[in-house]
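**Q** Quick one: the structure is below, and I'll ask about it shortly.
The values are calculated or read from the model by the stated rules, or taken from the named source; none is laboratory data. Remember, it's a predicted structure, so these values are computed and weren't measured experimentally. Cβ atoms come from the backbone with ideal geometry, glycine included; neighbour counts cover every protein chain shown. What goes into the accessible areas is simple: the full protein's heavy atoms, side chains included, and nothing from ligands, DNA or RNA. Shrake-Rupley method; radii C 1.70, N 1.55, O 1.52, S 1.80 Å.
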Amino acid sequence: MTSEQDHQTYALLAQLAVEALNLAATSSTIAMPTDGPAFALRFLPEFRDQLLRVEALATAVLRASGVPWDYLADSYGVTRQSLHRRLADEVRLWNDFSPQYVDLAIRKAKEHAREVAENGRSFEANLEGALASAVPVWEKRREQGDWRPAL
């Protein structure tokens, strides 16, 4: 691998970390017992978009590492042409975009990692209590028809 190829792979991996950790942060927000289910409705369209970005970035990393479209298509159970048609433009965009913003990607990945870690600690320490206290909140919301949290 050349130094330019190494830099490209590094940049793509940094951006993949950002998008994957952002997806994890969104997931952990949706998992919050009191407001998470209502937030899910708001976050699901973005969640889908995040998942598609993770898919395209993972594909870009694999392609930059020399993995052929045929192998990727086999793992999806689709034809090379259909996978290429679906992902090639996005992979090309990430290849062009990622090297320009490596430092920003690393900072954003660290921010998302901290958010995921904080939510994880909160879940570990308080999940049963949060679930128990959320049930009366949802019961009250059901009775009053006020299921939406303040955004």
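**Q** With every protein chain kept in the model, how would you rank Arg107, Arg53, Arg142 by accessible area, 1.4 Å probe, largest at the top?
**A** On the way: Arg107 130, Arg53 65, Arg142 160 Å².
The residues order as Arg142, Arg107, Arg53, largest area first.
**Q** Please find the FRET efficiency linking Ala134 to Phe43, where r is the Cβ-Cβ separation and R0 is fixed at 22 Å, and quote it to the nearest 0.05. Each step should come with its number before you reach the end.
**A** Numbers: r = 17 Å, r/R0 = 0.79.
With a Förster radius of 22 Å, E is 0.80.
**Q** Quick check: pseudo-label points 7 Å beyond the Cα along Cα→Cβ at Glu111 and Ser3, how many nm apart are they?
**A** The modelled label-to-label distance comes out at 3.1 nm.
**Q** Between Leu93 and Arg121, how many nm apart are label points set 7 Å from Cα along the C-beta direction?
**A** 3.6
**Q** To continue, here is another question. Which percent of the accessible area of the chain is formed by carbon and sulfur heavy atoms (probe 1.4 angstrom)?
**A** 56
**Q** Just to confirm, what accessible area per residue do you get for the stretch 6-151 at 1.4 Å probe, in whole Å²? Can you show the working numbers first?
**A** Numbers: 9020 Å² over 146 residues.
Normalised by residue count, the accessible surface of the stretch 6-151 is 62 Å².
**Q** Show log10 I(q)/I(0) for the chain at q = 0.11 Å⁻¹, two decimals, from a solvent-free Debye sum over equal Cα scatterers.
**A** -0.57
**Q** Assuming 0.36 nm per residue, please report the length gained on full extension of the stretch Arg80 to Arg142 beyond their Cα-Cα distance.
**A** Net length gain for the segment: 17.4 nm.
**Q** Taking the Cα centre of each part, how many Å lie between the stretch 44-69 and the stretch 78-151?
**A** About 16 Å separates the Cα centre of the stretch 44-69 from the one of the stretch 78-151.
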